[in-house]
């Protein structure tokens, strides 16, 4: 029988140990996926935000024109704009569900972790408010 490449190759072994053969308890539920979804949403927001910033115009008279340019002339610009706009909503939905899971399972009893999360939430809301 041939050796399994994912368990012997150095790079694939690291991915295997952190994604496939992750030592997690059997009673973990779907509620614990929201941390990963937050990471995916954040990476998507950063990438689409950087792509949109390349076509940004600070001049108020050209603001609508720059959005129209992004949607019409940039390849998949309409998709980038929609992913960025809807990704922000999805990000906040995942955050609220993540907080709800923490409240339901009593994670607020771990004061240091909970306070770190509150600080991150306030920073996130301030960043979203500024734009």
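The values are calculated or read from the model by the stated rules, or taken from the named source; none is laboratory data. What you see is a predicted model; the values in this text were computed from it and never measured. Please note: Cβ atoms are built from the backbone with ideal geometry, for glycine as well, and neighbour counts cover all protein chains shown.
Points worth noting:
- Taking helices (runs of 4 or more DSSP H) as the structural unit, those lying wholly within region 1-86 and holding at least 1 residues that are touching a residue at least 60 places away in the same chain (Cβ under 8 Å) correspond to 34-53.
- Residue under evaluation residue 30, criteria (1) at pLDDT 90 or above; (2) exposed (fewer than 10 other Cβ atoms within 10 Å of the Cβ), criterion not met: (1)
- Apart from one condition, residue 101 fits all of (1) in a helix (DSSP H, G or I); (2) surrounded by 11 or more Cβ atoms within 10 Å (Cβ to Cβ); (3) free of Cβ contacts under 8 Å to residues at least 40 places away in the same chain; the exception is (3).
- Which listed residue, of 87, 77, is modelled with pLDDT of 90 or more, crowded, with 16+ Cβ neighbours inside 10 Å and under 15 Å from residue 128 (Cβ atoms): 87
- Residue in region 110-123 that is closer than 17 Å to residue 45 by Cα, modelled with pLDDT of 90 or more, surrounded by 14 or more Cβ atoms within 10 Å (Cβ to Cβ) and out of contact with any strand residue (DSSP E or B) (no Cβ under 9 Å at 6 or more places or on another chain) present: yes
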